[in-house]
Amino acid sequence: MKTIKKKIALPFITIILLIPIITMILFHITLRVYVDRTAKEELQNTISGIEQLVKQQVLRGYTGKMFGKDHETTNNNLMTLRSALRVSNLTSNTEFLLLSEDEILFPTIYEDSFLTENLLKDAIKQLDHIEENELTKLTLNGDSYYVTYKALSGRLNSLKLFFISHNKSADVLMKTIYLSLLAILMLSATISIAIALGISRSISDPITKLSTHAKKIGNGEFLSLENNNSSREIHTLTKSMNEMSERLKNYDNAQKAFLQNASHELRTPLMSIQGYAEGIAGGVFSDTQKAANIICDESRRLNNLVDELLTLSRIENQTYNNKLVKENLCDMVKDCIQKVEGYALKEDKTITVSLSESPVYAYIDEVLLLQAVSNILSNCIKYARQDVRVTVFTQENQAIIRISDDGAGIAADDLPFIFDRFYKGKKGSFGLGLAIAKSAVEYMGGSINAFNDTNGAVFEIKLNN
């Protein structure tokens, strides 16, 4: 699997390398076409310029197949003409030959010329493949040559005026341009690759650090990563990672505290049961019935605590899959009051109910709502002086259950934490009841809030209707 650095850098590097190659190819084609066209034009101009001069010199001594008695004079005149052409700016790279049936009549020596035996041999072979005045290109040992011929008219119709152009200066210029362009492109490519690698590194390095940081978080190291990146996206991502790390740290601490508290809550009734059971077995108690009743009470307490733990676990782990149904909250609240009425009588407290005359509907889970309202009612009964009030009404498309007591209210320091599991406030532990109520209401898509009014504590459940 490729790294982000490679995924970012490779396309840039590929493009950077392809651009010089394509540029060189296009430049080579364009320059080659231009040089070829220029060379051909110069050769055509040379042919038209010297054809008549050569014919005049040759006609003076030509007798049929060979030069006549003035052969030496004609040859000297042609040599003079050849020298003049060589120093001319127009034809300095062009040589002409006189051929008779592929036999070279002139020049007979060419040590001071670019002509060589191999070049002439290859060039003359081209005569069988080209028409008169047709230019063709010949390459030998990396050098380019252009050849053509002109058949002389009149008495010289058996002779051919053969031209060879060697554009050596153009080849040298092209090579120089190629090397210069190649150097410029390589320098540009090197700088561009360095920039591309720098950009990819500036993006990949912070992500690599975040990846390492995420692994540490996964291993339980909830550390904060320094956030000094100039990129807005990376800065936001780092900030989110730090916030996530902090939340996970708090959650981990809460889980550990919950485990400790749950263990303590479970241990108390278990130790009580164990102590009384051992006492009965050892004959310590004269009244075994009383000890047995205590064991039964502690067993029920233990069973209720385990049920609460399982309920809370199913809700928070999203394994509770009951569908919500539309129910009348007034009927549900009546059932809840009946459930806790015995506890209220035992505590010598009264429950005052104020229900809406018309049905108040909401989408609920009957079991969860019953447990949530019962837990809040039990809590209010515990801390009320005399009376607990329950009101059900509709407000702004929401069904509201308001439960209040006439007690001293909730301490300001405890208010933000009373829905936490096993939170220990100034008046003792709140246990799991309110935590289950909060999770249950939120599972049903509602919200729960606690506050104080002039008479005491108030709990308000809001559900969608």
- Message: What whole-number distance in Å separates the alpha-carbon centres of region 348-381 and region 1-52?
- Response: 86 Å
- Message: Sort 35-44, 179-188 by the packing proxy (mean of other Cβ within 10 Å over each peptide's residues), most packed first.
- Response: 35-44, 179-188
- Message: Restricting the calculation to Cα positions, tell me the Rg (one decimal) and the Dmax (whole number) of region 276-411 in Å.
- Response: 19.3, 65
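Excluding same-chain pairs closer than 8 in sequence, count the lysine pairs in region 325-464 whose Cα atoms lie under 14 Å apart. Write out the running numbers ahead of the final one.
On the way: LYS346/LYS382; LYS349/LYS382; LYS382/LYS427; LYS438/LYS462.
Total qualifying Lys-Lys pairs in region 325-464 comes to 4.
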- Task: Which order do the peptides 231-237, 3-9, 371-377, 360-366 take when ranked by the mean count of other beta-carbon atoms within 10 Å per residue, highest first?
- Result: 371-377, 360-366, 3-9, 231-237
- For region 232-316, diffusion coefficient by Stokes-Einstein and Kirkwood Rh (Cα), 37 °C, 0.692 mPa s, µm²/s: 202 µm²/s
- Task: Rank-order 142-152, 449-459 by packing density, defined as the average count of other C-beta atoms within 10 Å over each peptide's residues, highest first.
- Result: 142-152, 449-459
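Can you tally the net charge around TYR361? Count Lys and Arg as +1, Asp and Glu as -1, for every other residue whose Cβ sits under 9 Å from the Cβ of TYR361.
On the way: positive: LYS326; negative: GLU327.
Taking every other residue near TYR361 into account, the sum is 0.
Values quoted throughout were computed directly from the atomic coordinates according to the rules given, and no laboratory measurement underlies them. Note that the structure is predicted; figures quoted are calculated from it, not measured. Here Cβ is always computed from backbone atoms with ideal geometry, including for glycine, and neighbour counts include all displayed protein chains.
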